[in-house]
Every structure is written in C-alpha cells, then in structure tokens.
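Below is one structure, written out as structure tokens; the observations come after it.
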Amino acid sequence: KLLILKIDAGDVVECRQIVAGIRNYYKPEDLIGKNIVIVNNLAPAVLRGVESHGMLLAAKEENNLTIVTTEKDIKPGSKIQ
C-alpha cells in the first residue's frame with residue numbers, strides 16, 4: 001500500500017523522501033513530474049521501517065483518492081497560503 005516518493009521540495013538536500021499510502025490509487029510512473037502539495041515541517045516519522053520526511057496532501061471520497069496538485073507550474077518549496 002505504501003509508495004516511497006523522492007521529491008524536490010526546494011530544500012538544500014537533493015531530494016526529500018516521503019512515504020505515502022497511495023499505492024492502491026497511483027502507479028509510481030504516474031507521479032513523475034507532478035507538482036504535488038506536501039507538508040514538510042513535520043518531524044520525521046518511520047512508516048513500516050522506512051523514514052518519511054513529510055506528508056503529501058490528498059482528498060478521499062469513498063474509493064477515490066486524489067493527490068492535491070498545483071494548477072500551474074510553481075517553484076519547488078513554495079509556501080502554501
């Protein structure tokens with residue numbers, strides 16, 4: 001059920017690892033190049049033995065889950081207001 005995502009969050013580190021329970025809804029290749037909305041000011045958490053440094057935002061209704069994305073291209077690390 002979990003996917004390990006490597007994302008550019010505008011940090012000084014090359015990429016940020018986020019573990020998300022979206023495998024039943026998304027294939028890894030469908031997420032490449034998407035601008036997703038994440039929360040990155042959380043303490044790291046370990047999910048099933050894998051460290052996660054943030055949480056992606058998604059909306060779920062019944063059996064449908066949709067990742068929150070940006071309408072336009074925006075610089076990685078931009079703040080949500």
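Please treat every number below as a calculation from the coordinates, not as lab data. None of these values were measured; they are calculated from a predicted model. Note: ideal-geometry Cβ built from the backbone for every residue, glycine included; neighbour counts use all protein chains shown.
Candidates in the stretch 34-65 are the residues that are of a type in the set (V, I, T) and touching a residue at least 12 places away in the same chain (Cβ under 8 Å); of these, the one that is surrounded by the most Cβ atoms within 10 Å (Cβ to Cβ) is I38. May I ask you to verify whether D30 is surrounded by 13 or more Cβ atoms within 10 Å (Cβ to Cβ) and not hydrophobic (A, V, I, L, M, F, W, C)? It is false that D30 is surrounded by 13 or more Cβ atoms within 10 Å (Cβ to Cβ) and not hydrophobic (A, V, I, L, M, F, W, C). The residues listed here are A43, A59, A9; of these, the one that is in contact with a Lys or Arg (Cβ under 7 Å, 6 or more places away or on another chain) and closer than 23 Å to I80 by Cα is A9.
Here V68 passes the criteria (1) over 14 Å from the mean Cα position of the chain (by Cα); (2) in contact (Cβ under 8 Å) with a residue 12 or more places away in the chain; (3) farther than 15 Å from K6 by Cα except the one numbered (1). Scanning the stretch 50-65 for residues that are farther than 20 Å from Q17 by Cα and of a type in the set (S, T, Y) yields a total of 0. Scanning the stretch 7-27 for residues that are exposed (fewer than 15 other Cβ atoms within 10 Å of the Cβ) and touching a strand residue (DSSP E or B) at 6+ places or on another chain (Cβ under 6 Å), which turns out nearest to N63 (Cα to Cα)? Applying the filter and picking the extreme gives R23.
The combined condition, being exposed (fewer than 10 other Cβ atoms within 10 Å of the Cβ), basic (K, R) and without any contact (Cβ under 8 Å) to a residue 60 or more places away in the chain, is not fulfilled by K75.
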